[in-house]
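Each remark here refers to the structure printed beneath this line.
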2 protein chains.
Amino acid sequence: MKEERGSAWDRVWVGANLATMQPGTDPYGTRLDAAIAVRGEAIAWIGASVDAARIAAQDGVPVHDASGRWITPGLIDCHTHLVYGGNRVAEFERRLRGESYEDIARTGGGIQSTVRATRAASHGELYAGAARRAARLMAEGVTTIEIKSGYGLDGATERRLLEVARSLGRELPVSIRTTYLGLHALPEEFAADRRAYVEAASGPWLDAIVGAGLADAADAFCDSIGFTVGETEGYLGAARRAGLAVRVHAGQLCDIGAAELAARCGALSADHLEYLSVAGVSALAEAGTVAVLLPCAYFMLHQQDPPPVAALRQAGVPIAVATDCNPGTAPCTSILIALAMACTLFGLRPEEALQGATVNAARALGLAGDRGTLEVGKRADFALWEIDRPAELCYGLGANPCVGVVYGGRERAAV
Amino acid sequence: MKEERGSAWDRVWVGANLATMQPGTDPYGTRLDAAIAVRGEAIAWIGASVDAARIAAQDGVPVHDASGRWITPGLIDCHTHLVYGGNRVAEFERRLRGESYEDIARTGGGIQSTVRATRAASHGELYAGAARRAARLMAEGVTTIEIKSGYGLDGATERRLLEVARSLGRELPVSIRTTYLGLHALPEEFAADRRAYVEAASGPWLDAIVGAGLADAADAFCDSIGFTVGETEGYLGAARRAGLAVRVHAGQLCDIGAAELAARCGALSADHLEYLSVAGVSALAEAGTVAVLLPCAYFMLHQQDPPPVAALRQAGVPIAVATDCNPGTAPCTSILIALAMACTLFGLRPEEALQGATVNAARALGLAGDRGTLEVGKRADFALWEIDRPAELCYGLGANPCVGVVYGGRERAAV
């Protein structure tokens, strides 16, 4: 076999237990005492450790000894709002002192306070905060992060958020995928004319962002306090015509048919889904749309009704899990906490949670052909873990057993 | 003032914002742009940064510039089961696949599996696992950890667990307080004779542990599946006569009057308290017993009824918060996650949560005179944080803004 010539390898990790996350005899795609070789940015070979050691010795390939550690695909956080100004700690304190969301919003709190802080922040300030949060995710083996705009709510600031996200992708070893979240909330200056806002977000702002190559996808918050199905449908249609993939925030606060809309639009994913009908589940299954679950927001909002995991599982809807990192409802920079919460709060099995941050998260980003499993030809993004079994990644609260991260074939310090 | 002579200081931190946690004008005992000087293991002086800088320059005292960071008292995790063998990941997987607790217990799972793994583990193995967990807590500014026995359930192994805990205190910079949890569960070999077990735990095992100076306190799990009020009362009486402080696991699964028992015995704390009557609240308030809340176990067990925080607050019961770190119901090595969960799940205000891991946690360990606040004469245990306001310590999930930890006057690497 051509791949078994070490001269085609740049380096190889031996003595590892692999959770390849490929479908197979067990849900983790386990290969014990295995090796993984890379060439350039891709995985060149996967096989038995003993064979790899022999080939590497023959051909002088640099060898890393994984010493019995586990290797998983690099984790993928497929839904974040990582770039924003300010924070919402003061609001968190006020809520816990008994003030209502309404009172807080009336006095300038809530999402509009983040919009004000974000508009006032420079590129450098936005970059610094987001880079700090990205470093925390990377320290837990995250190699791909999706970042949405949505705290600008005007053309220039939405664009600036996506520019910051693109800068992170250039400066850091982690891969960044960007999403234009034009329909996130209605800014105060458009309160009297929502139609004008939707038209601007779906028209000139979208065109400028696409023209500058700043977005990989478009997203909208289609919910009771967000945008209607009609508004969202027009916006997503424009995004698709402009060449973007689309995704939808659906069913976080109530079910207005956003999941069905996502399926109808061929969305890569529908995200949140605490409120989802039987018809919505079927629509997602038929369309092959990924259900992205966001347990940290559910936790922070103290919600009581989890997404219908059993129905999603039975219908064969691919399930992903993400942090939803944002300053208001999910100040979470730990994908491992998201996995633990997905198991404990939503009843996901550990293998489903881990699929949710690897193979299915890749699918939610339209990257299933390129990453999310350990497979020859895929991007050589992977993480090394000091654990006895993969389920440990979903079990501890506060432990970070990540001991190494490889981005595109090269091990790099996470922070 | 004698304290204002720099010659009485070993070193001083200037340019800090202090959350002294002393009662005062605000709930954090805030002092902005302040300084803290140490001599030996104690706090020698607290005052304005500008005065400290002048005094230090005059007298040649080494100065650390805190650069606007916040300093809190070292955090205190006042309820852990840090020393154990094995883990319970496989059981976590089985539960999520739908197996019942009863099925798992019948096939050797549950606490008895940890007892078997603990009995089979060497001192070195137990030490290594506990030291790894202690390091995670220390990295988040924890300077005092309480550690319970309770996974031995025989005289020799209970003793070994406490010896491991004492070793941690000698080898690591963190302070360790040990608790003999003789009545944790009934081991299999005593299943037919619980009276004999209680007599052994309350008699010869207790005496040997006290004789060897291995325990600072005694604790019991007084609940439906634990031990009765009568059994617990006899055991705690023996512990008190032997000179130990006492504490009680009370009201985790149901209310059998364990809180009232704790108050009656003059216990330092009653811990868990999801099930607690009005009479129980009053009894704790009158006795001055600390209510130790353990939100991570509540989270993992998916419980729905939180402790009666409003009633505890109104009655003036001091409230502490701890990780409950253990392999079954709280695989948590993050005091910051415990604080966040205390706020979000139990409705504690951030200042109450932080009091719960400082001043009130010290009280739960009988150490209120020695630590838990930043105050002249107290032990110089403190943590430095990269935050804008103290509530941030209860807000993020996965962020660790701790940038330095001082144990007894000396800054030491946490890990």
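Tally up the residues in region B:15-38 that are among the charged types (D, E, K, R) and surrounded by 18 or more Cβ atoms within 10 Å (Cβ to Cβ), please. Let's see the steps before the verdict.
Applying the first criterion (among the charged types (D, E, K, R)) to region B:15-38 yields B:26, B:31, B:33.
Next, only the ones that are surrounded by 18 or more Cβ atoms within 10 Å (Cβ to Cβ) stay: B:31.
Here the count works out to 1.
When only residues in region B:152-184 that are open to solvent by 10 Å² or more (accessible area, probe 1.4 Å) and part of a loop (DSSP other than H, G, I, E, B) count, which is farthest from B:L137 (Cα to Cα)?
B:D154
Please go through region B:78-107 and give me each residue that is open to solvent by less than 60 Å² (accessible area, probe 1.4 Å), in contact (Cβ under 8 Å) with a residue 40 or more places away in the chain and not hydrophobic (A, V, I, L, M, F, W, C), ordered by number.
Within region B:78-107, B:H79, B:T80, B:H81, B:Y84, B:G85, B:G86, B:R88, B:E91 meet the criteria.
If you go through region A:360-381 one residue at a time, how many are closer than 23 Å to A:T178 by Cβ and crowded, with 24+ Cβ neighbours inside 10 Å?
Here the count works out to 10.
Quick one: would you say B:A48 is closer than 21 Å to B:G15 by Cα, away from every other protein chain (no Cβ under 13 Å), buried (at least 17 other Cβ atoms within 10 Å of the Cβ) and touching a strand residue (DSSP E or B) at 6+ places or on another chain (Cβ under 9 Å)?
No; evaluated as a whole, the condition is false for this residue.
What tally of residues in region B:252-274 results from selecting those that are within 21 Å of B:N360 (Cβ to Cβ), open to solvent by 40 Å² or more (accessible area, probe 1.4 Å) and either in contact with a Leu (Cβ under 8 Å, 6 or more places away or on another chain) or at pLDDT below 95 (or both)?
Looking only at that region, the number is 1.
Which pairs turn up if I take residues in region A:345-358 that are open to solvent by less than 20 Å² (accessible area, probe 1.4 Å) and look for partners that are outside any helix (DSSP H, G or I) and charged (D, E, K, R) with beta carbon separation below 9 Å, at least 6 apart in sequence or on another chain?
A:P350/A:R389; A:E351/A:D26; A:A357/A:D77; A:T358/A:R371
Can we say A:D324 is of a type in the set (D, E), surrounded by fewer than 18 Cβ atoms within 10 Å (Cβ to Cβ) and within 14 Å of another protein chain (Cβ to nearest Cβ)?
Details: of a type in the set (D, E): yes; surrounded by fewer than 18 Cβ atoms within 10 Å (Cβ to Cβ): no; within 14 Å of another protein chain (Cβ to nearest Cβ): yes.
So A:D324 does not fit the description; no.
Would you be able to tell me the number of residues in region B:282-311 that are crowded, with 22+ Cβ neighbours inside 10 Å and more than 14 Å from chain A (Cβ to nearest Cβ)?
9
Count, please, the residues in region B:339-368 that happen to be part of a helix (DSSP H, G or I), more than 17 Å from A:A297 (Cα to Cα) and facing chain A (nearest Cβ under 10 Å).
Matching residues across region B:339-368 total 4.
Name the pairs: first residue in region A:116-137 and part of a helix (DSSP H, G or I), second residue open to solvent by 50 Å² or more (accessible area, probe 1.4 Å), Cβ to Cβ under 6 Å, at least 6 apart or on different chains?
A:A117/A:G86; A:A135/A:V415
Taking the conditions exactly as written (out of contact with any strand residue (DSSP E or B) (no Cβ under 8 Å at 6 or more places or on another chain) and modelled with pLDDT of 95 or more), does B:G85 satisfy them or not?
Judged against the criteria, B:G85 is a match.
The values are calculated or read from the model by the stated rules, or taken from the named source; none is laboratory data. Model, not experiment: these values are computed from the prediction. Quick reminder, even Gly has a Cβ in these numbers, built from the backbone with ideal geometry, and neighbours come from all protein chains shown. To get the accessible areas, we keep the full protein, side chains included, count just its heavy atoms, and leave off ligands, DNA and RNA. Shrake-Rupley method; radii C 1.70, N 1.55, O 1.52, S 1.80 Å.
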